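Participant: Got a structure for you, questions after.
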Amino acid sequence: MQKSIFFIFFGLIFPSISLFAQVDSCVFMFKKHTIKSNSLNESREYWVSLPMHYSDTVQYPVIYLLDAEWRFNLVRNIEFDLAGNKKIKGHIIVGIPHIDWELKRGIDLTFSHSRMEYDGEKVDSTWYNNKNSGGGLAFYEYLNTELIPDVEKNYNTNGENTLIGHSYGGYFGGYILSMNHPFSTIHIYDPSIWFSDGEVIEKIKNGVPKQDKVKIFVSYQPVPEFHSGKIECFIEELKKHQCFELKYRKFEEETHNSLFMPSFLEGIRWTARLEE
């Protein structure tokens, strides 16, 4: 079980309650909102960072960031700098934290109970079960029917939605490519495609919905081989679908966690670049 815990790192609506709690930052402020979710049967926070010179007369693209408790400050400050220097579009950034990352994160971001580990080791039902995995459909319903509508009610958005997911979050982003989803761009960083022995690959093999072209940026690193091999199979499957505009990068010198920042820098400069 120690290996599983390690890889967690490695690896209608009730009327929304919008609690505008302003939080000071070294550069600018962000707001915390709370939704009483029917899909998840609990209250969930989301955090919003606005672009420089935000105006109610302008519509903005939105970045939806999974694992916000770790990545929100990094992403919003890099985005703020790139947009301020006219390298990318300015975005509203929506951080999506978990209530309990150690247990609830795995439930939120996975769709089944894996019988395989990240290095290819087979495991039994004591490793992945209802207490730590398999609630992805409910979490996806929350994003699609509660969170995104609440953001669009409170802010001026233009319908260009980007999802950023790392590890389990990358697996989540890959899985929903086989579903009707609201994202025009999905960033998938070192995803846990190994989960359930590559079920994400099988989902995409079975077909993807007809939709406008989706930009996909995939990054990964080489270890363990079983993990990286599944990601490479996933990339090859994505190449077969004309509805995906794909870019991918293997970071040979990075680790599972260290690749997040270079992945975001490269990915966002590609997917959100200003037209010349």
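The values are calculated or read from the model by the stated rules, or taken from the named source; none is laboratory data. Just so you know, these numbers come straight off a predicted model, no measurement behind them. Heads up, the Cβs are rebuilt from the backbone with ideal geometry, glycines too, and the neighbour counts pull from every protein chain shown.
Participant: Of all the residues that make up the stretch 48-92, how many are in contact with a helix residue (DSSP H, G or I) (Cβ under 8 Å, 6 or more places away or on another chain) and either surrounded by 17 or more Cβ atoms within 10 Å (Cβ to Cβ) or outside any loop (DSSP other than H, G, I, E, B) (or both)?
Facilitator: Of the stretch 48-92, the ones in contact with a helix residue (DSSP H, G or I) (Cβ under 8 Å, 6 or more places away or on another chain) are 48-49, 51-52, 62-67, 71, 74-75, 78-79, 82, 87-92.
Subsequent filtering for residues that are either surrounded by 17 or more Cβ atoms within 10 Å (Cβ to Cβ) or outside any loop (DSSP other than H, G, I, E, B) (or both) retains 48-49, 51, 62-67, 71, 74-75, 78-79, 82, 88-92.
Qualifying residue count for the region: 20.
Participant: What is the residue count in the stretch 132-161 for residues that are out of contact with any Ser or Thr (no Cβ under 6 Å at 6 or more places or on another chain), under 13 Å from Tyr64 (Cβ atoms) and assigned to a helix (DSSP H, G or I)?
Facilitator: 9
Participant: Just for the stretch 122-179: of the residues that are among the aromatic types (Phe, Trp, Tyr), farther than 17 Å from His227 by Cβ and surrounded by fewer than 20 Cβ atoms within 10 Å (Cβ to Cβ), which one is farthest from the chain's Cα centre (by Cα)? Spell out how you get there, then give the answer.
Facilitator: Filtering the stretch 122-179 for residues among the aromatic types (Phe, Trp, Tyr) gives 127-128, 139-140, 142, 155, 168, 171-172, 175.
From what is left, the residues that are farther than 17 Å from His227 by Cβ are 139-140, 142, 155.
Retained after the next criterion (residues that are surrounded by fewer than 20 Cβ atoms within 10 Å (Cβ to Cβ)): 140, 155.
Values: Tyr140: 11, Tyr155: 20 Å.
Among those residues, the one meeting the criterion is Tyr155.
Participant: Can you tell me which of (1) more than 27 Å from Met116 (Cα to Cα); (2) modelled with pLDDT under 95 is the one Arg269 doesn't meet?
Facilitator: Among (1) more than 27 Å from Met116 (Cα to Cα); (2) modelled with pLDDT under 95, the lone unmet condition for Arg269 is (2).
Participant: Would you call Asp212 acidic (Asp, Glu), over 25 Å from Lys86 (Cβ atoms) and in contact with a strand residue (DSSP E or B) (Cβ under 7 Å, 6 or more places away or on another chain)? Walk me through it before giving the result.
Facilitator: On the way: acidic (Asp, Glu): yes; over 25 Å from Lys86 (Cβ atoms): yes; in contact with a strand residue (DSSP E or B) (Cβ under 7 Å, 6 or more places away or on another chain): no.
Judged against the criteria, Asp212 is not a match.
Participant: Another question about this same structure. Please work out which residue is modelled with the lowest pLDDT, limiting yourself to the stretch 26-51 and to residues that are closer than 16 Å to Gly90 by Cβ and more than 23 Å from the chain's Cα centre (by Cα).
Facilitator: Across the stretch 26-51, the extreme among qualifying residues is Val27.
Participant: If you go through the stretch 213-224 one residue at a time, do you hit one that is more than 16 Å from Leu259 (Cα to Cα) and at pLDDT below 95? Please lay out each step first, then the result.
Facilitator: Quick first cut of the stretch 213-224, residues more than 16 Å from Leu259 (Cα to Cα) only: 213-216.
Imposing the further condition that a residue be at pLDDT below 95 reduces the set to 213.
Within the stretch 213-224, one or more residues are more than 16 Å from Leu259 (Cα to Cα) and at pLDDT below 95.
Participant: A further question follows. Go through the stretch 250-269 residue by residue and tally those that are surrounded by 16 or more Cβ atoms within 10 Å (Cβ to Cβ) and either within 26 Å of Pro61 (Cβ to Cβ) or among the hydroxyl-bearing types (Ser, Thr, Tyr) (or both).
Facilitator: Result for the stretch 250-269: 8.
Participant: Answer with yes or no whether Lys240 is surrounded by 14 or more Cβ atoms within 10 Å (Cβ to Cβ) and within 26 Å of Ser114 (Cβ to Cβ). Spell out how you get there, then give the answer.
Facilitator: Numbers: surrounded by 14 or more Cβ atoms within 10 Å (Cβ to Cβ): no; within 26 Å of Ser114 (Cβ to Cβ): yes.
No: the conditions fail for Lys240.
Participant: Scan the stretch 183-223 residue by residue and report those that are closer than 24 Å to Leu147 by Cα, in contact with a Cys (Cβ under 7 Å, 6 or more places away or on another chain) and not basic (Lys, Arg).
Facilitator: Correct list: Val208, Gln211, Val214.
Participant: Note down all Cβ pairs under 7 Å where the first residue falls in the stretch 77-98 and is farther than 14 Å from Ile164 by Cβ and among the basic types (Lys, Arg), the second is at pLDDT 95 or above and assigned to a strand (DSSP E or B), and they're at least six residues apart or on different chains.
Facilitator: Qualifying pairs under 7 Å: Lys89/Pro61.
To keep it simple, each residue is scored yes or no on (1) touching a Lys or Arg at 6+ places or on another chain (Cβ under 8 Å); (2) among the basic types (Lys, Arg); (3) at negative phi.
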| position | (1), (2), (3) |
| --- | --- |
| Thr57 | no, no, yes |
| Val62 | no, no, yes |
| Leu65 | yes, no, yes |
| Arg76 | no, yes, yes |
| Leu82 | yes, no, yes |
| Lys87 | yes, yes, yes |
| His91 | no, no, yes |
